[in-house]
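A quick write-up on the structure given underneath.
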Amino acid sequence: MAVDGQDLTAAPARAGTSDGGVFEAIGRWLLRWWPAIAGHVAFIAAWWLIVVWGDIPAFIMPTPWATLQTLWDPTYHWPHHVAITAGEVFGGYLLAVVVGIGLAMAFCWSRGFERGAMPVLVTLNMIPKVAMAPLFIVWLGFGLFPNMVIAFTISFFPILLTTSRGLREVEPDLLDLVRALKGSRWQIFRKIQLPGALPYIFSGMKVATVLAVAGAIVGEFMGSSGGLGYLMQSRQGFLDTAGMFMAVILVSIIGVVLYGLVLLLERWCVVTDARIE
Amino acid sequence: MVDQDSVADGRPPIIRMRGVKKIYRTRGEEFLAVQDVTLDIGEGELVTLVGPSGCGKSTVLRILAGLQPHDEGEVEIGVPGAAFDAGRDIGMVFQQPLLLKWRRVLENVLLPAEILGLPMREARDRARDLLAMVGLAGFEDKYPYELSGGMQQRAAIARAFVHDPKIVLMDEPFGALDALTRERMNLELLRIWDESKKTILFVTHGIQEAVFLATRVAVLTSGPARMADTFTVDLPSPRVLDMHNDPRFGAYTHRIYQRLGL
């Protein structure tokens, strides 16, 4: 996203890291992240202890180890299902980002368009997207595409809202400064509004990641022939709880990867005050 | 009533305002912001416009900057024989620094040059010189949040000068700074003004500040703004902080207090 020529060459200010070799880097990394790692380990340990001490049968709740073991079982075809779900999530999400930001920009340029279209979108957004899923399947058929569309419809609205808001949040005096220089509407947009809206855009994009994952999975529940949601439903009949657990974990990992990519992009695009960590 | 102290040496003024009136209209209601402002400003002068908060001082600046039309009266900017380009020839400084937080200091200073489409290589050199002039050499690559409030305002001043405008309009530029920083910035501004030879119109509600900075003071009374007085400040140059104790200084501030009915 080339927003403003010079901005992107400007990496976010960060404390200078000394060049001290791989081990030092790992050490620093551990120092920074050990509480997060410890938290996850403690969570898995608690899960394991509850199953063992509570003497919970495997079809209610499997141990972490039994769950992990399903990963080596070729009958699950994990890569196939992961690829389908990830495709739906990423595809729907990208569509949401493009349409959400695109619409917000169009609104920013045409107040009349915004006044006409925004209320319609707000009304449409009140429809529970989950309730639309069966219709999408009727319209678009089985498979990847309708689920991508569900992921898109459910995740694009927050991006539209935050981007719209961000483009509007400009100091009036700053606008005067540019207007006094006889700056054009386009210059105001490109040099002031758009870069100023980036933090807002990213906050909407972060919220949307979770929604895109939910949308894709709901779509798969409704009707599909592949994907982790499909796999969960097909395994439900066998009371294969371990497989279902693994599917849930993999769905979450897809979500975490998407969120992580958005965070990376944000770090690259948005200059943040180094004092706020 | 108004002691219209005309521009020093009889040359034509660069800013000429005659009976300027401004009415704001919102939802059928009228609000008279500026009643009658008459003021001449000569090239290279530093005129302060002093008056209580909300008396329409900023409106006068906005009219001069071409951000708002006036309703009655005459406003002429520029000297005969030299074309005046309202976009290029006016620089502005506001109470807030208004730096773009995603741009480094140098890039912030360059903003007007980018908007006006000036040759960037020269603008860059000029921006560096200006940053040195306002005491920010070495801070070119910092982000605004790494600067104190006073330093941010210095950068904003450099930005107002970067396109080499003939006139710089300042709207309470030091109003948000603490008292000590403000005193220091006043001295800095006088030095910058002296080095740059620009015409500066400086709006403030600080009476001491108005006298200390000015070659000439224009006093506006509030609601609606009306010219109460203009007078030349006859204090030696360069100004030093000790002049606050000069009896003439006291006489000038007394005169402003009186005009404002305080």
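So, with +1 on the Cβ of K and R and -1 on the Cβ of D and E, and no other charges, what is the size of the charge dipole of the range B:1-121 about its Cα centre, to the nearest 20 debye? Each step should come with its number before you reach the end.
Details: 14 positive and 17 negative charges, 145 e Å.
Here the range B:1-121 has a charge dipole of around 700 debye.
May I ask you to order B:170-177, B:239-246 by the average number of other C-beta atoms within 10 Å around their residues, highest value first? Write out the running numbers ahead of the final one.
Details: B:170-177: 21.4, B:239-246: 13.0.
Output ranking for B:170-177, B:239-246: B:170-177, B:239-246.
Compute the length gained on full extension between A:LEU71 and A:GLN236: take 0.36 nm times their separation in residues and subtract their Cα-Cα distance, giving the result in nm to one decimal. Could you put the intermediate results ahead of the total?
On the way: separation 165, 0.36 × 165 = 59.40 nm, distance 1.71 nm.
So the chain would gain 57.7 nm between A:LEU71 and A:GLN236.
If I model a spin label at A:ASP55 and A:ASP273 as a point 7 Å from the Cα along the Cα→Cβ vector, what separation in nanometres do I get?
5.8
With angles folded into 0 to 90 degrees, how steeply does helix A:194-222 sit against the dominant principal axis of chain A? Use alpha carbons for both and round to 10.
Taking Cα atoms only, the helix is inclined about 30 degrees.
At each listed q (0.17, 0.20 Å⁻¹), what is the log10 of I(q)/I(0) that the Debye formula gives for the range B:167-262 modelled as equal alpha-carbon point scatterers?
-0.78, -1.09
So what does the Cα-only Debye profile of the protein assembly as shown read at q = 0.08, 0.09, 0.12 Å⁻¹, as log10 I(q)/I(0), no solvent term?
Listed by q, the Debye log ratios stand at -0.71, -0.81, -1.13.
Can you tell me the mean projection area, over all orientations, of the convex hull of the range B:31-92's alpha carbons? Units nm², please. The partial results should precede the final answer.
Details: hull surface 20.1 nm².
Spelled out: convex hull of the Cα atoms, projected over all directions, averaged, 5.0 nm².
Below 8 Å between Cα atoms, with a sequence gap of 6+, how large is the relative contact order for the range A:58-212 in percent?
Working: 131 pairs, mean separation 48.2, N = 155.
Across the range A:58-212, relative contact order equals 31 percent.
For the protein assembly as shown, build the charge dipole from Cβ charges (+1 Lys, Arg; -1 Asp, Glu) around the Cα centre, then report which of A:LEU250, A:GLY183, B:VAL168 sits farthest towards its positive end.
A:LEU250
Residue by residue, what Karplus-based ³J(HN,Hα) values in Hz, rounded to whole numbers, does the range A:166-172 have, using 6.51, -1.76 and 1.60 with θ = phi - 60° and x for Gly and Pro?
Residue by residue, the range A:166-172 yields x, 5, 8, 7, 10, 4, x Hz.
Nearest 5 is fine: what % of DSSP beta bridges in the protein assembly as shown come out antiparallel, could you say?
Values: 20 of 40 bridges.
If I count the DSSP bridges inside the protein assembly as shown, around 50 percent turn out antiparallel.
If each of A:ALA83 and A:TYR259 carries a label point 7 Å out from its Cα toward its Cβ, how far apart are those two points in nm?
Result for the modelled spin labels: 2.7 nm.
Running a GNM on chain B with Cα contacts under 10 Å, which residue among B:GLU30, B:GLU74, B:GLU195 ends up with the highest mean-square fluctuation?
B:GLU30
Straight-line reach from B:LYS22: which lysines have a Cα under 24 Å away, not including same-chain ones fewer than 8 places off?
Once the sequence-local lysines are set aside, what remains near B:LYS22 is A:LYS182, B:LYS57.
Can you report the principal axis dimensions of chain B using only the alpha carbons, biggest first, rounded to whole angstrom?
52, 46, 40
Would you mind telling me which residue in A:SER184, A:SER155, A:SER224 has the biggest mean-square fluctuation in a Gaussian network model of chain A, where springs connect alpha carbons within a distance under 10 angstrom?
Judging by the Gaussian network model, the answer is A:SER184.
Could you give P(r) for the range B:96-139, binned at 10 Å from zero, as whole percent values over all Cα-Cα pairs?
Pairs per bin, as whole percents: 29, 57, 14.
Given H placed 1.01 Å from N in the peptide plane, which residues other than close sequence neighbours of B:LEU260 have an amide H under 5 Å from its amide H?
Amide H to amide H, under 5 Å and 5 or more residues apart or across chains, B:LEU260 pairs with nothing.
In whole angstrom, how far apart do the alpha carbon centroids of the range A:38-71 and the range B:81-148 sit?
Cα centroid to Cα centroid, the span is 61 Å.
Restrict the search to the range B:142-236; then list the trypsin sites (Lys or Arg not before Pro) that DSSP places in a loop and that have at most 10 other Cβ atoms within 10 Å of their Cβ.
Working: sites: B:LYS142, B:ARG154, B:ARG159, B:LYS166, B:ARG182, B:ARG184, B:ARG191, B:LYS197, B:LYS198, B:ARG216, B:ARG226; in loops: B:LYS142, B:LYS166, B:LYS197, B:LYS198.
Hits after loop and neighbour filter: B:LYS197.
Only helical DSSP H runs with n ≥ 4 go in: add -39500 (n - 2.57) per run for chain B, normalise by residue count and round the 222 nm mean residue ellipticity to 500 deg cm²/dmol.
Calculated mean residue ellipticity at 222 nm is -9500 deg cm²/dmol.
Computed FRET efficiency, Cβ-Cβ of B:ASP194 and B:ARG128, R0 25 Å: what is it to the nearest 0.05? All intermediate terms of the calculation are to be shown ahead of the outcome.
On the way: r = 20 Å, r/R0 = 0.81.
Calculated transfer efficiency: 0.80.
Once chain A is represented by equal point scatterers at the alpha-carbon sites, with solvent omitted, what log10 I(q)/I(0) does the Debye formula produce at q = 0.16 Å⁻¹?
Debye intensities relative to I(0), on a log10 scale: -1.24.
For the range A:145-173, list residues with backbone N below 20 Å from a point placed 7 Å from the Cα of A:VAL207 toward its Cβ?
Residues A:150-170 fall inside that zone.
What are the residues whose amide H is under 5 Å from the amide H of B:MET92, where those residues sit 5 or more places off or on another chain and H is modelled from the backbone?
Under 5 Å from the amide H of B:MET92: B:LEU169.
For B:ASP164 and A:ARG190, FRET efficiency with R0 = 22 Å and r from the beta-carbon atoms, rounded to 0.05?
Working: r = 24 Å, r/R0 = 1.09.
It comes to 0.35.
Using helices alone, I'd like the mean residue ellipticity at 222 nm for chain A: each DSSP H run of four-plus residues gives -39500 (n - 2.57), total over residue count, nearest 500.
Mean residue ellipticity at 222 nm (helix-derived): -25000 deg cm²/dmol.
Where a number appears in this text, it was derived from the coordinates with a stated rule and is not lab data. Bear in mind the structure is a predicted one, so any value in this text is a computation, not a measurement. All Cβ positions, even for glycine, are placed from backbone atoms using ideal geometry, and neighbour counts span all protein chains on display.
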